[in-house]
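Some notes on the structure that comes next.
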Amino acid sequence: MPKRNQSDKNSRITGFVLVSTMLLILVVLGVRFSYVAITKDVKGHKLNEAAQQVYRSQNSVQPKRGEIFDSVGNVLAENATTYTLAAVIDDTQKTSKGKPAYVAPSQDEKVAKQLAGILGGDPKTYVTTLEKGRKNKLKQVQFGSRGLKLDSQTYKKINKLKIPGITFTNSASRFYPNGVFASNVIGYTSEKTDDKTGAQSIVGLMGIEQKYNKQLSGKKGVKTTSADDTDSSVSKKDQSVKNGYDIYTTINTKLQTTLEEKMQYLYDDMKPKSALAIVLDTKTGNIVATTQRPSFNATTGEGIGDYWTNEISGSVYEPGSVMKGITLAAAIDTNNWDGDAYYQSGTLKIGDKSVTDWNNGQGWGTITYARGIAESSNVAMALTEQKMGAETWHKYINKFRFLQSTDSDLPSEETGLMQFKYPIEQANTSYGQAISVTPLQMVQAYTAIAGNGEEIKPNLVEKVVDPNTKKVIYQAKRKVVAKPIKKSTAEATRKQLEDVIYSEYGLGQAYAIPDVRTTGKSGTAQIATSTGYSSPGDNTHEIHSWMGMAPSDDPRYLMYIVTKEPQQNTQNIATDMSNMFVTVMQQALTMSDSDNKVVVSEDQQVTVPTVVGGSTNEAEKEVEATNLTPIVMGDGATVKKQTPAGGQKSLTNQRVFLNTGKNIAVPNMHGWSKSDVLAWAKLADIKPIIKGDGFVATQSITPGTQLADGYHEITVEFKNAKAE
């Protein structure tokens, strides 16, 4: 019995321990489960958030790429859907009704004529493409650049024909409505696909599209959705999309159109390896027109492979005799120029080297320096450099900011090179050899001569607008980057350079603008090679240029034209270049602000420009250019508020109120509508008391009265116009 009692006792103890242990575990688990249930936290992980994530999904919201405009809002680059055309030639393809869904060989000529009638080109090339595709056992073929990036109108024309086998793929793209139009400056884009997400975006590859790609691209947003109706925090996960900024260039569309036409004529006539032109407003630094050849159509891609370099900033060249204008200015500024002094032209020995004039070193005998600049004598400039001294001349090269970036609005800008170690090299730079520059550098340098001695930065971007906030975030201003010469020097230099045009010996007589005194400098530069320079007089291996300014006494515009290595009709160099210069400059000089407007019909709606944050003067011009009527409130330098807001649609000639925030006076409201009065009163922060209907007949406060004098309300009486 004692053994059995002992065994029972042990069993009871064991059972107690087991039960106690289980109870303890249950208590611990209960406590833990209660903690988790209350706090919804496991080792720092929030279970409620994890559960919500199961029901949530996130989608990227792609931003709208900003648009590019001319100086007043005409579209130069915009977003669009484009179409790529393809012809299915796989004879196994059928429609749902069993009909052929391919281009049959018997239909090749008919299809080719239909496509060529819309896309252009020889129908035979379309037939050849179809035949080659079948020979190579392809499923479908495309027709090169003619079938790429088609706009919606072209797509609709072809699609309307219902040609069996003709298909399209659409994609988000960039549309350039003017075709070949300042293409090197505006640039072009390409579609890029994200390897991780598969999302497509547009990326700038040249010009402003590339330089301002970040600003144009914007920032994508995130939209979070949930299948759980109780998930109240889902909206907190959203990230709003930020559309890209809009870029307004300095380009004047009417002037640019003329320049493109004249440049194309020159290019077709002489077939140069390249050519460019720049027209700059000397008062602001704004480049109002510029182009180059070869060029391209950024929408279709036609011509892009022919020339990738942006000539005005991305390539350097020896400028030749146009540099003599800079040498002349430096000499006048240092009292080392006497146009009436004589020298022996032809050939100048410098050590064992020679400087020769362009007529094979013959020169024109003993002549004045004034005639030397008119004849474009290299010897005259080399002697002038020696008078100044190499150190002084080198300082002026730097003062005119050669060999430095112009900090332009274009990517990949070059800065140039110079050889200046030996006396012959120092002399060579005085007439534009042994130094390489960009066209932008040369234009910038000549702004000092065209103005009062101040060198101003060339601008290609007028302003940048944030469409999300409707504010101007950048406004170009006249920026003085140097003052290399005195005002009197600039005036004397322009006067001396008039001899290039008006002297009986002048080489630039063809560049005279009728009834406008003109000044400038021509240039011809031999091409530098590994074995030396090309032979003088070999026009096909020379760079021909012209820098002109008008009116001479106070230039409003300057224009630079460069034609590199024309391959045919070289006898027309001066004729074609001067025709371009005279025609474009005449148009520029006779333009008024009313000539630079958005083109619309009378009943068409226009988009109100965004001018908040911009200068008052520029805002007023821009509103007028959009065929609207600006009402400036106050005399502040910048626009603080505007009504209607930028981006809204309005009929032409409607009033746009621009509040500058300083010294606001009451305007003459006679003839205003109620909506105009209410808009003005709201911006002016004054209470309007309205009486009657129709249009403003009387107002209680005299026009011109300052609101700061203590006025808080204005009574305006309206009356309907009497029928006659």
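The values are calculated or read from the model by the stated rules, or taken from the named source; none is laboratory data. This structure is a prediction, so every number in the text was calculated from the model and none was measured. Glycine gets a Cβ as well: all are built from the backbone with ideal geometry, and neighbour counts include every protein chain shown.
Taking Thr415, is it assigned by TED's automatic domain parsing to the domain that holds Lys487, under 30 Å from Lys214 (Cβ atoms) and polar (S, T, N, Q)? Let's see the steps before the verdict.
On the way: assigned by TED's automatic domain parsing to the domain that holds Lys487: yes; under 30 Å from Lys214 (Cβ atoms): yes; polar (S, T, N, Q): yes.
Against the criterion (assigned by TED's automatic domain parsing to the domain that holds Lys487, under 30 Å from Lys214 (Cβ atoms) and polar (S, T, N, Q)), Thr415 qualifies.
Would you mind finding the one in Phe168, Phe181 that is over 30 Å from Gln93 (Cα atoms), in contact (Cβ under 8 Å) with a residue 24 or more places away in the chain, among the aromatic types (Phe, Trp, Tyr) and not in a helix (DSSP H, G or I)? Answer to the check: Phe181.
Conditions (1) without any contact (Cβ under 8 Å) to a residue 24 or more places away in the chain; (2) under 24 Å from the mean Cα position of the chain (by Cα), marked per residue:
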site	(1), (2)
Asp268	yes, no
Gly285	no, yes
Gly301	no, yes
Gly305	yes, yes
Asp333	no, no
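Sort through Val443, Val472, Val481 and tell me the only one that's buried (at least 21 other Cβ atoms within 10 Å of the Cβ), in the same structural domain as Asn335 (by TED's automatic domain parsing), modelled with pLDDT of 95 or more and among the hydrophobic types (A, V, I, L, M, F, W, C). Outline the logic, then answer.
Working: Val472 fails: modelled with pLDDT of 95 or more; Val481 fails: buried (at least 21 other Cβ atoms within 10 Å of the Cβ).
Criteria check complete, one pass: Val443.
The single condition among (1) modelled with pLDDT of 90 or more; (2) in a loop (DSSP other than H, G, I, E, B); (3) surrounded by fewer than 18 Cβ atoms within 10 Å (Cβ to Cβ) that Ala721 does not satisfy is (1).
To keep it simple, each residue is scored yes or no on (1) of a type in the set (Ser, Thr, Tyr); (2) in the same structural domain as Thr327 (by TED's automatic domain parsing); (3) in a strand (DSSP E or B).
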| site | (1), (2), (3) |
| --- | --- |
| Thr489 | yes, yes, no |
| Thr524 | yes, yes, yes |
| Gly537 | no, yes, no |
| Thr540 | yes, yes, no |
| Pro555 | no, yes, no |
| Tyr560 | yes, yes, yes |
| Glu565 | no, yes, yes |
| Asn572 | no, yes, no |
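All of (1) more than 21 Å from Gln444 (Cβ to Cβ); (2) in contact (Cβ under 8 Å) with a residue 60 or more places away in the chain hold for Asn539 with one exception: (2).
So that you can scan it fast, the table gives a plain yes or no per residue for (1) crowded, with 18+ Cβ neighbours inside 10 Å; (2) within 25 Å of Leu507 (Cβ to Cβ):
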{"position": "Val379", "(1), (2)": "yes, yes"}
{"position": "Lys395", "(1), (2)": "no, no"}
{"position": "Asp407", "(1), (2)": "no, no"}
{"position": "Gln419", "(1), (2)": "no, no"}
{"position": "Pro423", "(1), (2)": "no, no"}
{"position": "Ile449", "(1), (2)": "yes, yes"}
{"position": "Leu460", "(1), (2)": "yes, no"}
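Matching residues to (1) assigned to a helix (DSSP H, G or I); (2) more than 16 Å from Tyr317 (Cα to Cα); (3) touching a helix residue (DSSP H, G or I) at 6+ places or on another chain (Cβ under 7 Å):
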| site | (1), (2), (3) |
| --- | --- |
| Phe402 | no, no, yes |
| Ser412 | no, no, yes |
| Gln426 | yes, yes, yes |
| Gly432 | no, no, yes |
| Gln441 | yes, no, no |
| Ala445 | yes, no, yes |
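Scanning the stretch 512-531 finds one or more residues that are closer than 16 Å to Glu318 by Cβ and of a type in the set (D, E, K, R). Of the residues making up the stretch 66-86, those that are in a loop (DSSP other than H, G, I, E, B) and under 12 Å from the mean Cα position of the chain (by Cα) are Gly66, Glu67, Asp70, Ser71.
On the basis of being within 30 Å of Thr253 (Cβ to Cβ) and either at pLDDT below 90 or assigned by TED's automatic domain parsing to the domain that holds Glu462 (or both), does Gly646 make the cut? Please lay out each step first, then the result.
Working: within 30 Å of Thr253 (Cβ to Cβ): yes; either at pLDDT below 90 or assigned by TED's automatic domain parsing to the domain that holds Glu462 (or both): yes.
So Gly646 fits the description; yes.
Return yes or no: is Lys9 loosely packed, with under 10 Cβ neighbours inside 10 Å and either at pLDDT below 65 or not assigned by TED's automatic domain parsing to the domain that holds Glu131 (or both)? For Lys9, the condition - loosely packed, with under 10 Cβ neighbours inside 10 Å and either at pLDDT below 65 or not assigned by TED's automatic domain parsing to the domain that holds Glu131 (or both) - is not met.
So, Glu391, is that one assigned to a helix (DSSP H, G or I) and surrounded by fewer than 18 Cβ atoms within 10 Å (Cβ to Cβ) or not?
On the way: assigned to a helix (DSSP H, G or I): yes; surrounded by fewer than 18 Cβ atoms within 10 Å (Cβ to Cβ): yes.
Yes: the conditions hold for Glu391.
For the stretch 399-413, the condition holds for at least one residue, the condition being that it is among the basic types (Lys, Arg) and in contact with a Pro (Cβ under 9 Å, 6 or more places away or on another chain). Within the stretch 350-388, being part of a strand (DSSP E or B), touching a residue at least 40 places away in the same chain (Cβ under 8 Å) and of a type in the set (A, V, I, L, M, F, W, C) holds for Ile350, Val355.
In the stretch 144-165, what count of residues is obtained for those that are assigned to a helix (DSSP H, G or I) and not aromatic (Phe, Trp, Tyr)? Selection size over the stretch 144-165: 12. Every condition in (1) in contact (Cβ under 8 Å) with a residue 40 or more places away in the chain; (2) surrounded by 14 or more Cβ atoms within 10 Å (Cβ to Cβ); (3) not aliphatic (A, V, I, L, M) holds for Phe695 except the one numbered (1). Being closer than 30 Å to Thr284 by Cα, surrounded by 20 or more Cβ atoms within 10 Å (Cβ to Cβ) and of a type in the set (Asp, Glu) is a property that Glu624 lacks.
Scanning the stretch 127-143 for residues that are assigned to a loop (DSSP other than H, G, I, E, B) and touching a residue at least 24 places away in the same chain (Cβ under 8 Å), which turns out nearest to Ile89 (Cα to Cα)? Out of the qualifying residues, it is Lys139. Of all residues in the stretch 676-711, those satisfying the criterion of being touching a strand residue (DSSP E or B) at 6+ places or on another chain (Cβ under 9 Å), within 20 Å of Thr643 (Cβ to Cβ) and not aliphatic (A, V, I, L, M) are Asp676, Trp680, Lys682, Lys687, Pro688, Phe695, Gln699, Pro703.
Being touching a residue at least 24 places away in the same chain (Cβ under 8 Å) and charged (D, E, K, R) is true for just one of Lys94, Lys157. Which residue is that?
Values: Lys94 fails: touching a residue at least 24 places away in the same chain (Cβ under 8 Å).
Only one candidate passes the filter, namely Lys157.
When Ile208, Ile278, Ile251 are checked against the criterion of being in a loop (DSSP other than H, G, I, E, B), closer than 30 Å to Arg478 by Cβ and either modelled with pLDDT of 90 or more or not assigned by TED's automatic domain parsing to the domain that holds Glu542 (or both), Ile251 stands alone in meeting it.
Of all the listed residues (Lys399, Lys463, Lys421), the sole one being within 24 Å of the chain's Cα centre (by Cα) and on the phi < 0 side of the Ramachandran plot is Lys463. Screening Asp693 on (1) charged (D, E, K, R); (2) at pLDDT 90 or above; (3) over 27 Å from the mean Cα position of the chain (by Cα) shows it passes everything except condition (2). Taking Asp122 as the residue in question, decide whether it is under 45 Å from the mean Cα position of the chain (by Cα), over 30 Å from Ala476 (Cα atoms), at pLDDT 85 or above and acidic (Asp, Glu). Criteria met by Asp122.
To keep it simple, each residue is scored yes or no on (1) of a type outside the set (Lys, Arg); (2) more than 23 Å from Ser522 (Cβ to Cβ); (3) at pLDDT 95 or above.
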residue	(1), (2), (3)
Asp306	yes, yes, no
Asn310	yes, yes, no
Ser321	yes, no, yes
Lys324	no, no, yes
Ala330	yes, no, yes
Asp338	yes, no, yes
Val355	yes, no, yes
Asn378	yes, no, yes
